Amino acid sequence: MNDESSPSQAAHFIITAAGLVVVVAGMRAAESILVPLLVSAFLAVISASPVFWLQRKRVPAPLAVLLVVMAALGLSLGFGALIGTSLDDFSESLPRYQARLTQELAPGFQWLHSLGIKLSEETLLQYVDPGASMRMAAKMLSSLGVILTNTFLILLTVIFILLEASSFRHKVQAAFGDPTGAIQQFSKLTTAINNYLGIKTIMSFGTGLTVTLWVAILGIDFPLVWGLLAFLLNYIPNLGSIISAVPAVLLGYIQFGIGRAMLVAIGYVVINIIFGNVIEPRMMGRKLGLSTLVVFLSLVFWGWVWGPVGMLLSVPMTMIVKIALEGSETTRWIGILMDSEGASTKQYQSLFTRRISM
């Protein structure tokens, strides 16, 4: 029995793997279409709660959607106008900062030479580029401009999603009845994503605002840029705060030396501890539910597929995959492996026993 089933299982695995390769290749090829739609979907999820709140206050659905969308659009335009000039100035100043950073490292090379360590500066800079983090920050921030070119498409998509959201559940029930827990699983998925994105957006805004004030107090150039970068990268757990701090610390070192750079670094550490380890866990009520390894791999994978936007949305998309896997008996074990805490021993043993007996 086992000998007969082995070829079929191997063939099923090969077909599934080939299908995944085709899907990922299609996702990369359709980046220009899928990324605006994906951004629209997540913006709609964030905006759904205030829309439903207004509807519970007897505000008609079209008017509620219009009010929320106009408020979000006004905030986005004001935010964009506020930081637009800073982004342009930072991009123009980037080559000068990189050259200055290289000059600041020159005494370090001389010190190494005095110790008898023969090291070519040009060779080292080929492998260790001190300005790489600043260029990456500029690239990630410039990717926002690419998204903004599709503002009209994103805005219309968000409006249509919000208009359909209130009646979607009834449409599914009318079309398919109540298919074995599909409605409940979809509700669980949307609720989890909504809660995560809502709380994470609030925490990211608080982090970005505090970072802006801190670096402005220290006199670091372009505080709005570093606040925006901290706001965006705060959506990436564990790694995002480190990535956002590096260019600001380097700029502090370029402008004022090692002492001010240390103060910038200490400020980032304190801010992220307060928001990430104290306030956010209390608001979410539990941990994220994804292991650190899964977060890192998802960051690499989605960044490879869709670039900086994929990196920013890597955790929410991985959460969708994890919740979907946990909804099926045959794939629940993958969801358990992706979890930060995992299942209890008894639950895992029973699941493993079911897998062996199949």
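The values are calculated or read from the model by the stated rules, or taken from the named source; none is laboratory data. Fair warning: this is a prediction, and the values are worked out from it, not measured in the lab. We place every Cβ from the backbone using ideal geometry, glycine too, and count neighbours over all the protein chains shown. Heavy atoms of the whole protein, side chains included, go into the accessibility calculation; ligands, DNA and RNA do not. Shrake-Rupley method; radii C 1.70, N 1.55, O 1.52, S 1.80 Å.
Structure notes:
- Criterion (more than 23 Å from Ile199 (Cβ to Cβ), open to solvent by less than 40 Å² (accessible area, probe 1.4 Å) and modelled with pLDDT of 80 or more) met by exactly one of Trp302, Trp306: Trp306
- In the stretch 319-348, residue modelled with the lowest pLDDT [restricted to those that are assigned to a loop (DSSP other than H, G, I, E, B), hydroxyl-bearing (Ser, Thr, Tyr) and farther than 22 Å from Phe13 by Cβ]: Ser344
- Selection within the stretch 207-233: residues that are touching a Gly at 6+ places or on another chain (Cβ under 7 Å) and among the small types (Gly, Ala, Ser). The member of this set that is farthest from Val246 (Cα to Cα) is Gly208.
Residues are listed down the side, and each one gets a yes or a no for (1) of a type in the set (Ser, Thr, Tyr); (2) surrounded by 23 or more Cβ atoms within 10 Å (Cβ to Cβ); (3) at pLDDT 85 or above; (4) within 30 Å of Met319 (Cβ to Cβ):
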{"position": "Thr210", "(1), (2), (3), (4)": "yes, no, yes, yes"}
{"position": "Ser241", "(1), (2), (3), (4)": "yes, no, no, yes"}
{"position": "Ala248", "(1), (2), (3), (4)": "no, yes, yes, yes"}
{"position": "Ala261", "(1), (2), (3), (4)": "no, no, yes, no"}
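- Qualifying residues in the stretch 212-239 (those that are on the phi > 0 side of the Ramachandran plot and of a type outside the set (A, V, I, L, M, F, W, C)) - the one least open to solvent (accessible area, probe 1.4 Å): Gly219
- When the stretch 163-208 is filtered for residues that are open to solvent by 40 Å² or more (accessible area, probe 1.4 Å), β-branched (Val, Ile, Thr), at pLDDT below 75 and assigned to a helix (DSSP H, G or I), the ones remaining, listed by number, are Thr190, Thr191.
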